[in-house]
Every structure is written in C-alpha cells, then in structure tokens.
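Worksheet: one structure, shown below.
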Amino acid sequence: MRDAALAPPPIAMLAELTHRCPLACPYCSNPEELIAREKELDTETWINVFRQAAEMGVLQVHISGGEPASRRDLVELVKGARDAGLYVNLITSGVGLTDARLEELDKAGVDHIQLSVQGITAKTADWIGGYEGAFARKMAVADKIAEIGFPLTLNAVMHRHNLDDLPATIELAKRLGARRIEIACVQFQGWALKNRSMLQPTREQVDDAKRVVARAREEYRGTMVFDFVPPDYYADFPKACMGGWGSTGLNVTPDGRVLPCHAAETIPSLTFQSVKDASLADIWYNGVAFSAFRGTDWLPDLCQSCDRRDVDFGGCRCQAMAVTGDATAADPVCRKSPHRHLVDEVLEAEVVPMGNKAFDYRKFPANR
C-alpha cells in the first residue's frame, strides 16, 4: 500500500547481511546487541527483498554488515541484487575477500566497492580494528580491486587517534586509485557511544581537518571526490540526518527488521516491522516507525519556528535520544537547543589526556 502524500519512494537501501565480522572496531555502527548467525535472513529472502526494493523505486543497494564476506552466499546475493536491477555497492573491510572471490563478485555484478581503513600503518590500523594483520590484507585486496577495475571509495573513519593522519590518509587513497574518499568522523551511536571518551577529537583537530579537506578538494578536483562528515558535537547546527527521517533511504537488519536509519533501534518508543511479516513498501509508506518523525509536523515549537526547519528537519533523532533521553527534543548540537549545554559539558569532560584508558572493542558474546 502506498500513501504518496507521506513520502516519495526511497532511492537507496542498506542491506546489513550479517553482524559477523573479523574486526572489532570500537566505533562500529552496529548495535551493542549483535544478531547471531542463526537469526540471519536466508538467501532467498534477501533476494526477494532486493526485488521488492527495485519495484518500489530503490536505485542502489549498499551491501554491508558486519563484514558481508562472512556470508558464504555473498556472490549469489550480489547476483540477485543485480538481477533485480539494483546498482550494487559492496561495503567491506576487505578481510575475508580472496582474489578468487573478488573475481567471482566481479562476474556477479558488483558495481562499486567501499573499502574501510582504520589507519595508515599496520600498527595503528590493526590496533584500532582489533585484528592483527588486517591492514596488510586490506592493502592486498586494494591491489586486486585495482587490477579488476572496480571503482573504489576509501572509507576512512576518523577520530582522535587518526585525525592527525588525514593528509597521509588522502595520499593513501590516491595511491590505491580511489575515485572517492569518505572522511567520516565518528558519530556517537552504538559502539562509538560506548567509546566516546576515547574517540572524541579536539576542536583543534577538527578545525585542522576542515582546512586539510578544503585544500585537498582543490588539489584533487576532477580526480577524487571528497565526502566529509565533520563531528556533530562541534557544529553550531545539526545535519539533516539521512536527508530527513524516512525520506530517502532505509536499512534492513540481518534478521529482517526495517529501520529508518542504522541507529533507530536506540529509540525505545519505536517498534520495527520485519520483511518476514510485511512488504517493504507497506513498511516504508505506512510503518509507524517511519511515520514517527517523517516531515516536520512533529517538530517541537522551537524547531517549527526556525528558518532551518526545512534544511535539517530537526536534526538527528538518535542523537537527541543519546544526549537528552528524549527523541522528540531539538537536536542538542544545535546552538538554539536548550540542551546544547549537555554537549558542551561532554566536550569539556572528554577532551582530556587519555591516561591508561583502552578501547571497549566490538565483539560477539563467546557463545555466538
């Protein structure tokens, strides 16, 4: 069922095939309660979801995880998505991708690969990713990606421990032949929120990063695209999270629940339907979770009267929940928000010397 007055069709879908991953990144966007292998959707169900997405008008599917290479049926799933008419972007750590498997993925129809990097040296990258040997494996995979000719985006998640290496990270992207680099400063949800005090960059680092990106955009104009996501906590105004809640994209979790964004499950007042129980279209157009913060009618009075109402749509609901405990509040990073002081207090408390602190690494319970 479609109510055209509520929303246009989505243009993109994030398919989180699995939460299994060889890395243990302390900023992972997966929820703290990770989904076990036995609860993952099977091959045919995923392929049916891809068909439904294409019929709705979705143009591209971002195949992710966890690490999607943890699925033995990854090649079959890619083929299913391409057969449905979707542009397939594979988001991967590279760990678990052999040369032979990359060649199979090429034949199956992968259009583009996003390869994550945790640092510019093995020492830094393997420490952050919690996996010895990961950096060397990534570099080997990057060489094979170039040999096959996949268009490549380098995903560089930046934080206090690697933001000073941003110029060298851009150089690495150039050396690997990336056409695009995503410089994504950590957003504090999921595992990143658990590790916020370890990951929070300083204002000086952020200001310098903005200058580095501005210069690089000029230097690499026409040869590399820069997608820069600066830290929210240092902003004066919020971003339009996901382009506006329930407006452009959707996420499907490993067990089939459909979310407006990857962190939506942190809002306890919302319940999420599954592709096992309802069609993707019905969930998108009529699902209660998607309708909850869609548009601007729900906004608090402060945001309703703001000249940025139709620019940022009230900002991030999950960030409001994380900082204020109220998903309906104005995004607390906004300078007009009555809760901005909570963000400033976090920055004052957390941008301090590290001492002997350590990461709380992302990990499955031992029995999974």
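Go through region 103-129 and give me each residue that's of a type outside the set (Asp, Glu), open to solvent by 40 Å² or more (accessible area, probe 1.4 Å) and either in contact with a Gly (Cβ under 9 Å, 6 or more places away or on another chain) or closer than 30 Å to Asp164 by Cβ (or both). I'd like the intermediate steps shown before the answer.
Going residue by residue through region 103-129, those that are of a type outside the set (Asp, Glu) are 105, 107-110, 112-125, 127-129.
Cutting the leftovers down to open to solvent by 40 Å² or more (accessible area, probe 1.4 Å) gives us 107, 120-123, 127.
Hits for region 103-129 are Ile120, Thr121, Ala122, Lys123, Trp127.
Based on this model, can you work out whether Leu342 counts as of a type in the set (A, V, I, L, M), modelled with pLDDT under 95, part of a helix (DSSP H, G or I) and surrounded by fewer than 18 Cβ atoms within 10 Å (Cβ to Cβ)? Give the derivation first.
Working: of a type in the set (A, V, I, L, M): yes; modelled with pLDDT under 95: no; part of a helix (DSSP H, G or I): yes; surrounded by fewer than 18 Cβ atoms within 10 Å (Cβ to Cβ): yes.
The answer is no for Leu342.
Which is buried (at least 21 other Cβ atoms within 10 Å of the Cβ), out of contact with any Pro (no Cβ under 9 Å at 6 or more places or on another chain) and either free of Cβ contacts under 8 Å to residues at least 40 places away in the same chain or not in a helix (DSSP H, G or I) (or both), of Val141, Val157?
Only one candidate qualifies: Val157.
For region 266-301: of the residues being open to solvent by 60 Å² or more (accessible area, probe 1.4 Å) and within 22 Å of the chain's Cα centre (by Cα), which is nearest to Met321 (Cα to Cα)?
Among them, the one singled out is Thr266.
Would you kindly identify the helices (runs of 4 or more DSSP H) lying entirely within region 176-233 that contain at least 3 residues that are at pLDDT 95 or above, farther than 27 Å from Lys336 by Cα and open to solvent by less than 20 Å² (accessible area, probe 1.4 Å)? Write out each step before concluding.
Numbers: elements: 190-194, 196-199, 203-219.
Qualifying helices (runs of 4 or more DSSP H): 203-219.
For the structure I just gave you, tell me whether Thr324 is farther than 29 Å from Glu55 by Cβ, open to solvent by 50 Å² or more (accessible area, probe 1.4 Å) and either touching a residue at least 24 places away in the same chain (Cβ under 8 Å) or in contact with a Leu (Cβ under 9 Å, 6 or more places away or on another chain) (or both). Can you show your working first?
On the way: farther than 29 Å from Glu55 by Cβ: yes; open to solvent by 50 Å² or more (accessible area, probe 1.4 Å): no; either touching a residue at least 24 places away in the same chain (Cβ under 8 Å) or in contact with a Leu (Cβ under 9 Å, 6 or more places away or on another chain) (or both): yes.
No, not satisfied.
For region 8-28, which residues satisfy the criterion of being within 23 Å of Arg196 (Cα to Cα) and of a type in the set (Val, Ile, Thr)?
If the condition is that a residue be within 23 Å of Arg196 (Cα to Cα) and of a type in the set (Val, Ile, Thr), then no residue fits.
Quick check on Gln189: is it in contact (Cβ under 8 Å) with a residue 24 or more places away in the chain and over 19 Å from Ser116 (Cα atoms)?
Working: in contact (Cβ under 8 Å) with a residue 24 or more places away in the chain: yes; over 19 Å from Ser116 (Cα atoms): no.
So Gln189 fails the test.
Do we find that Gly133 is modelled with pLDDT under 95, closer than 27 Å to Pro26 by Cβ and open to solvent by 10 Å² or more (accessible area, probe 1.4 Å) in this structure? Break it down into steps so the answer makes sense when it comes.
On the way: modelled with pLDDT under 95: no; closer than 27 Å to Pro26 by Cβ: yes; open to solvent by 10 Å² or more (accessible area, probe 1.4 Å): yes.
Judged against the criteria, Gly133 is not a match.
For Ser305, indicate whether it is more than 30 Å from Phe50 (Cα to Cα), surrounded by fewer than 16 Cβ atoms within 10 Å (Cβ to Cβ) and either charged (D, E, K, R) or without any contact (Cβ under 8 Å) to a residue 40 or more places away in the chain (or both).
So Ser305 fits the description; yes.
Please pick out the residue among Gly85, Gly94 that is on the phi > 0 side of the Ramachandran plot and either open to solvent by less than 20 Å² (accessible area, probe 1.4 Å) or assigned to a helix (DSSP H, G or I) (or both). Give the steps one after another, and end with the answer.
Numbers: Gly85 fails: either open to solvent by less than 20 Å² (accessible area, probe 1.4 Å) or assigned to a helix (DSSP H, G or I) (or both).
None of the others qualify; the one that does is Gly94.
Identify, by number, the condition in (1) within 28 Å of Ala156 (Cα to Cα); (2) buried (at least 17 other Cβ atoms within 10 Å of the Cβ) that Val49 doesn't meet.
Of the numbered conditions (1) within 28 Å of Ala156 (Cα to Cα); (2) buried (at least 17 other Cβ atoms within 10 Å of the Cβ), the odd one out for Val49 is (1).
Taking Ala100, is it open to solvent by 50 Å² or more (accessible area, probe 1.4 Å), in a helix (DSSP H, G or I) and within 19 Å of Gly177 (Cα to Cα)? Spell out the reasoning first.
On the way: open to solvent by 50 Å² or more (accessible area, probe 1.4 Å): yes; in a helix (DSSP H, G or I): yes; within 19 Å of Gly177 (Cα to Cα): no.
No, not satisfied.
If you check Ser291 against the conditions, is it in contact (Cβ under 8 Å) with a residue 12 or more places away in the chain and polar (S, T, N, Q)? Lay out the reasoning, then the answer.
Values: in contact (Cβ under 8 Å) with a residue 12 or more places away in the chain: yes; polar (S, T, N, Q): yes.
Answer is yes for this residue.
Output the residues belonging to region 252-265 that are open to solvent by 10 Å² or more (accessible area, probe 1.4 Å) and not in a loop (DSSP other than H, G, I, E, B).
Of everything in region 252-265, those that are open to solvent by 10 Å² or more (accessible area, probe 1.4 Å) and not in a loop (DSSP other than H, G, I, E, B) turn out to be Arg257, Glu265.
Exactly one of these conditions fails for Val78: (1) more than 27 Å from Pro260 (Cβ to Cβ); (2) in a helix (DSSP H, G or I). Give me its number.
Condition (1) is where Val78 drops out.
Mind listing whichever residues of region 234-251 are hydroxyl-bearing (Ser, Thr, Tyr) and outside any helix (DSSP H, G or I)? So that I can check it myself, show each step before the final result.
Keep residues of region 234-251 that are hydroxyl-bearing (Ser, Thr, Tyr), which gives 234, 247-248.
Listed by number, the residues that qualify are Ser247, Thr248.
Can you tell me which condition Gly96 does not meet? The list is (1) at pLDDT below 95; (2) in contact with a His (Cβ under 8 Å, 6 or more places away or on another chain), and all the others hold.
Here Gly96 clears every test but (2).
If we keep just the residues of region 234-251 that are within 14 Å of the chain's Cα centre (by Cα) and small (Gly, Ala, Ser), which is surrounded by the fewest Cβ atoms within 10 Å (Cβ to Cβ)?
Residues of region 234-251 within 14 Å of the chain's Cα centre (by Cα): 241-243, 249-251.
With the extra rule that they be small (Gly, Ala, Ser), the set shrinks to 243, 249.
Working: Gly243: 13, Gly249: 17.
The qualifying residue surrounded by the fewest Cβ atoms within 10 Å (Cβ to Cβ) is Gly243.
The values are calculated or read from the model by the stated rules, or taken from the named source; none is laboratory data. These figures come from a predicted structure and were not determined experimentally. Glycine also receives a Cβ, built like all others from the backbone with ideal geometry; neighbour counts cover every protein chain displayed. Ligands, DNA and RNA are excluded from the accessible area calculation, which covers all protein heavy atoms including side chains. Shrake-Rupley method; radii C 1.70, N 1.55, O 1.52, S 1.80 Å.
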